[in-house]
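Taking it in order: structure first as structure tokens, then the write-up.
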Amino acid sequence: MQRAHLGTTSLVVSRLSVGTDTHLAVREGAHLLRRAIELGINFWDTDESYGTQPCVGAALKGMDRSQVVIATKTYESDREGAKRSLEQALREMGTDYIDIFHLHGIDGVRQYKQHAGALEALLTAKDRGLVRAVGLSTHNVRMVEAIPSISEIEVVLTVLNRSGARIGGGSREEMESATRRAYEAGKGIYLMKVLARGRLAGDLESALGYALGLPYIHSACVGMRSIKELEMNVLMANRLVGIEEEGKSM
């Protein structure tokens, strides 16, 4: 599995990442995540609201923590709420640090400013070594457009897919442009809803090909419910990256 440096952070992530918003049981989810590591995926995305942080914790038991990059998120807007979210994440995942901690679901600059307390808590946690990079997740084009001027945010998780589904505040083309500018500003960029919540799963090659073919994203995050889905996605991603690399060498 090809890997990429995530913007100007020190993190190196697989081009395909595992999204865990799939309501897996702890044992089942841990088994899937461990198989992902075997297949070369070292980037796992979770959140307290998904209920899968315990899956991550179970998967990490006995592992070398440095093998995996973990992103999680908080909806909290104030300092104390974000501190509680961080403490919960560390406890449920049984880890001493979180690689990426996102302010979650921020769909406008005004909303971002309303989360100043939570941002302060995450920046303090970064200074203490509890968080390696501070990020933001958004569905909104205008929020991504503002990201290059926000130095505190190092990583962006946003919506971009072949059909343009679930993008807020603008078109697919506008999100492509905004994401490219954020990438050029040194932000780490990875995508959610690459399969448009399953609507594009019937043409996996085109959906993954679109996302992995974008030169300004570092990873495409796909929710996976079974080992079979995981292995299929990895096989396709490796094939697509191989085709892309072959084309570049011609």
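Rounded to whole numbers, the Karplus 3J(HN,Hα) couplings from phi for the stretch 26-31 are 4, 5, 5, x, 5, 4 Hz, using 6.51 cos²θ - 1.76 cosθ + 1.60 with θ = phi - 60°, and x at Gly and Pro. As a length-normalised measure over Cα pairs under 8 Å and 6 or more apart, the relative contact order of the stretch 1-56 settles at 39 percent. For the chain, the residue among 42, 117, 194 whose Cα projects farthest onto the positive side of the dipole built from Cβ charges is 194. Annotation: peptides 188-194, 176-182, 147-153, ranked by per-residue average of other Cβ atoms within 10 Å with the highest first, follow the order 188-194, 176-182, 147-153. Mind running the shape call on the chain? Use the C-alpha gyration tensor, a ≥ b ≥ c as the square roots of the eigenvalues: rounded below 1.5 for a/c, prolate if a/b tops b/c, oblate otherwise. Oblate, since a/c reaches 1.5 and b/c is not below a/b.
Remark on residue 7: its backbone amide H falls under 5 Å from those of 189, a criterion applied only to residues 5 or more positions apart or on other chains, H modelled at 1.01 Å from N.
Per residue of the stretch 84-99, in order, report the coupling 6.51 cos²θ - 1.76 cosθ + 1.60 (Karplus, θ = phi - 60°) as ³J(HN,Hα) in whole Hz, putting x for Gly and Pro. Those phi angles translate into 5, 4, 5, 4, 5, 4, 4, 5, 5, 9, x, 10, 8, 7, 10, 5 Hz. In terms of its C-alpha gyration tensor, the stretch 1-81 has an oblate overall shape, because the principal axis ratio a/c (a ≥ b ≥ c, square roots of the eigenvalues) is not below 1.5 and a/b does not outweigh b/c. Spacing of the modelled spin labels on residue 25 and residue 79, each 7 Å from Cα toward Cβ, amounts to 4.3 nm. At an R0 of 41 angstrom, the distance between the Cβ atoms of residue 91 and residue 151 translates into a FRET efficiency of 0.85.
For the chain, the residue among 242, 221, 129 whose Cα projects farthest onto the positive side of the dipole built from Cβ charges is 221.
Scanning residues 5 or more positions from residue 43 or on other chains, those with amide H under 5 Å from its amide H are 14, 18, 69, with H placed 1.01 Å from N in the peptide plane. Placing +1 on the Cβ of every Lys and Arg and -1 on the Cβ of every Asp and Glu, with no other charges, gives the stretch 1-60 a dipole of roughly 280 debye about its Cα centre.
What the phi angles of the stretch 13-21 give under the Karplus curve with 6.51, -1.76 and 1.60, with θ = phi - 60°, is a coupling list of 10, 5, 5, 10, 10, 9, x, 10, 7 Hz, glycine and proline written as x. The modelled label-to-label distance between residue 201 and residue 107, using points 7 Å beyond Cα along the C-beta direction, is 2.3 nm.
On full extension, the segment bounded by residue 114 and residue 171 gains 18.0 nm, given 0.36 nm per residue less the C-alpha separation.
Amide H to amide H distances under 5 Å link residue 2 with 15, where only residues 5 or more positions off or on other chains count and H is placed in the peptide plane.
Every number in this text was worked out from the coordinates using simple rules, so none of it is lab data. The structure displayed is predicted, hence computed values, not measured ones. In this analysis, Cβ positions are derived from the backbone assuming ideal geometry, glycine residues included, and neighbour counts consider all displayed protein chains.
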